[in-house]
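One structure is given below, encoded as structure tokens.
The values are calculated or read from the model by the stated rules, or taken from the named source; none is laboratory data. Keep in mind the model is a prediction, meaning the values are calculated, not measured. Ideal geometry is used to build each Cβ from the backbone, glycine not excepted, and the neighbour counts take in all protein chains shown.
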Amino acid sequence: MELYDVVGIGIGPYNLGLAALTDEKTELKTIFFDQNGEFAWHPGMLIDGTDLQVSFLADLVTFANPTSKYTFLNYLHEQNRLYKFFFFHKFEIPRAEYASYLKWVAEQLPQCYFQSEVVDVVDHDNYYEVVVNHWGRQEEKSYFTKHIVLGTGSKPNIPFELDDIESEEVHHSSQYLYLKDQTIRAKHITIIGSGQSASEIFYDLLTLQEHFDYHLAWYTRSPGLLQLDNSKIGQEVFSPDYVDYFHELSFQERKDTLEHLGQLRKGIKKETLHKIHELLYHRSVDNKRLPITIQPLTEINKVFKKASGLEVHATHWQKERNISFDTEKVVLATGYKPNIPDWFYNRFEDKIEWEDDKLFKVDDHFRLSFKNRDRDHHFYTLTNLVHSHGTGATNLGLAVDRNIQIINEIAGKKVYKQQRDTIFTQFEPK
């Protein structure tokens, strides 16, 4: 029986980073599977002119190994774009270029297999059996491994049932670019959401509005269109030191803390809000009435199909008033939720510990906590970690620190140095 050290399930930025780091400085035998036909990172939201919200240093490997051939800077060098980036004078990189960088790394890693869906995982006495449907070549095969790393990412969060409504009429922001040509032909377009994606879609459609003559509406249940707190000291919660502190809190303390950190975790970049307001101001000279609606404090409850168009039912929760309005297209910039495969519940729900009915318990090394703790084969997760490891669970830079810990533990030695005591903030008395 051929036994791998690690099988990675899902190939997004997190597991792709793990594959890159194990490829260079370890002798670990690894293999990674993804059900998609090829590597693609949020292709429906690669809007022209949009940037990442983190520095290029938060690539797949730099925080572990700045000399790696898989750094973003080496990608630029290989693409003959290093001088262009030098004169770009920004730490944040275009989202489309980040997607191209990830694809470039994936194409160099022969242990990454696409068109390969994991359909089952069996927990044996001291190893796992991973059953993979290689749908591209119509073959099902079992792989055996000492450890598993779950990196299945997230899936669109749809806050209400869509019934028989077509995706061309109501769709998630992840599909925005695919359906944009149909969307801009409508006479009334509604965006729902309060975060960066909602603001980018609103601005993109706002720039086109004069050419296509539609009313553009933006609704959110948030109390306002709030700016992301990007202050330098404030952002130190996105550090390994804070992750360590957060994980030691009780489950209730962690839940309460996440609520207090809302503006550091969620919100809209100042530059995007400024661009929207400046464009609206220029268009409103002479107090021209604009065909737009921007309304916070409003929760969308349901969208109904009508003979022509859609009817939206909502509640202004502060005034406790029900409202309704007609529209033709709705874009749901309503975020994402963890994507946990069905086989996981079938095989592991009764074997592991849970913090509540939806959130599994994860230890400080990103391992699922099994009821039977006497085991030497571990199940690591990079998915569904907000409740256990806090604000940085979806932060690209902190993904590298997670991978460092997993690699060092599986290898049984310090392959990569962990970075600690590197910020100015302390989160508890020394």
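Checking the condition within 30 Å of Asp421 (Cβ to Cβ) and touching a helix residue (DSSP H, G or I) at 6+ places or on another chain (Cβ under 7 Å), which residue from Leu264, Leu279, Leu290, Leu216 passes?
Details: Leu279 fails: within 30 Å of Asp421 (Cβ to Cβ); Leu290 fails: within 30 Å of Asp421 (Cβ to Cβ); Leu216 fails: within 30 Å of Asp421 (Cβ to Cβ).
Of Leu264, Leu279, Leu290, Leu216, the one residue that is within 30 Å of Asp421 (Cβ to Cβ) and touching a helix residue (DSSP H, G or I) at 6+ places or on another chain (Cβ under 7 Å) is Leu264.
Would you check which residues across the stretch 344-353 are within 23 Å of the chain's Cα centre (by Cα) and either loosely packed, with under 15 Cβ neighbours inside 10 Å or more than 27 Å from Val400 (Cα to Cα) (or both) and list them?
First, the residues of the stretch 344-353 that are within 23 Å of the chain's Cα centre (by Cα): 344-345.
Once the filter is applied, which keeps residues that are within 23 Å of the chain's Cα centre (by Cα) and either loosely packed, with under 15 Cβ neighbours inside 10 Å or more than 27 Å from Val400 (Cα to Cα) (or both), the stretch 344-353 yields only Tyr345.
For the stretch 187-208, residues that are part of a loop (DSSP other than H, G, I, E, B) and crowded, with 18+ Cβ neighbours inside 10 Å total 3.
For the stretch 312-325, does any single residue satisfy the condition of being surrounded by 17 or more Cβ atoms within 10 Å (Cβ to Cβ), over 30 Å from Leu368 (Cα atoms) and touching a His at 6+ places or on another chain (Cβ under 9 Å)?
Taking the stretch 312-325 and keeping what is surrounded by 17 or more Cβ atoms within 10 Å (Cβ to Cβ), we get 312, 314.
Within this subset, residues satisfying the condition of being over 30 Å from Leu368 (Cα atoms) are 312, 314.
Retained after the next criterion (residues that are touching a His at 6+ places or on another chain (Cβ under 9 Å)): none.
No, that holds for no residue.
For the stretch 20-42, check the following and say yes or no: at least one residue is crowded, with 16+ Cβ neighbours inside 10 Å, in contact with a Lys or Arg (Cβ under 7 Å, 6 or more places away or on another chain), within 25 Å of Thr145 (Cβ to Cβ) and outside the structural domain of Lys270 (by TED's automatic domain parsing). Yes; the residues of the stretch 20-42 include at least one that is crowded, with 16+ Cβ neighbours inside 10 Å, in contact with a Lys or Arg (Cβ under 7 Å, 6 or more places away or on another chain), within 25 Å of Thr145 (Cβ to Cβ) and outside the structural domain of Lys270 (by TED's automatic domain parsing). Taken together, the criteria place Lys358 among residues that are free of Cβ contacts under 8 Å to residues at least 24 places away in the same chain and charged (D, E, K, R).
I'm trying to understand the selection: among the residues of the stretch 284-296, which are touching a residue at least 12 places away in the same chain (Cβ under 8 Å) and either under 32 Å from the mean Cα position of the chain (by Cα) or not in a loop (DSSP other than H, G, I, E, B) (or both)? Let's see the steps before the verdict.
If we filter the stretch 284-296 for residues that are touching a residue at least 12 places away in the same chain (Cβ under 8 Å), which is where we start, we get 291-296.
Within the stretch 284-296, Ile292, Thr293, Ile294, Gln295, Pro296 qualify.
The single condition among (1) surrounded by fewer than 15 Cβ atoms within 10 Å (Cβ to Cβ); (2) at pLDDT 95 or above; (3) within 28 Å of Trp317 (Cβ to Cβ) that Ser284 does not satisfy is (3). What single numbered condition from (1) touching a residue at least 12 places away in the same chain (Cβ under 8 Å); (2) over 15 Å from the mean Cα position of the chain (by Cα); (3) over 18 Å from Glu248 (Cα atoms) fails to hold for Arg373? Among (1) touching a residue at least 12 places away in the same chain (Cβ under 8 Å); (2) over 15 Å from the mean Cα position of the chain (by Cα); (3) over 18 Å from Glu248 (Cα atoms), the lone unmet condition for Arg373 is (1). Put simply, of Asp181, Asp256, Asp163 the only residue that is more than 30 Å from Thr30 (Cβ to Cβ), assigned to a loop (DSSP other than H, G, I, E, B) and either touching a residue at least 60 places away in the same chain (Cβ under 8 Å) or not assigned by TED's automatic domain parsing to the domain that holds Ile47 (or both) is Asp163. The single residue among Glu278, Glu271, Glu299 that is assigned to a strand (DSSP E or B) and among the charged types (D, E, K, R) turns out to be Glu299.
Here Ile292 meets each of (1) modelled with pLDDT of 95 or more; (2) over 22 Å from Glu168 (Cα atoms) with one exception, condition (2).
When residues in the stretch 385-430 are screened for being assigned to a loop (DSSP other than H, G, I, E, B) and of a type in the set (S, T, N, Q), 6 of them pass. Assessment of the stretch 379-400 against the conditions (of a type in the set (A, V, I, L, M, F, W, C), assigned by TED's automatic domain parsing to the domain that holds Lys361 and more than 16 Å from the chain's Cα centre (by Cα)) yields at least one matching residue.
Find the residue count for the stretch 212-235, including only residues that are among the hydroxyl-bearing types (Ser, Thr, Tyr) and not in a loop (DSSP other than H, G, I, E, B).
Initially, the stretch 212-235 is screened for residues among the hydroxyl-bearing types (Ser, Thr, Tyr), giving 214, 219-220, 222, 231.
Next, only the ones that are not in a loop (DSSP other than H, G, I, E, B) stay: 219.
Summing the residues that are among the hydroxyl-bearing types (Ser, Thr, Tyr) and not in a loop (DSSP other than H, G, I, E, B) in the stretch 212-235 gives 1.
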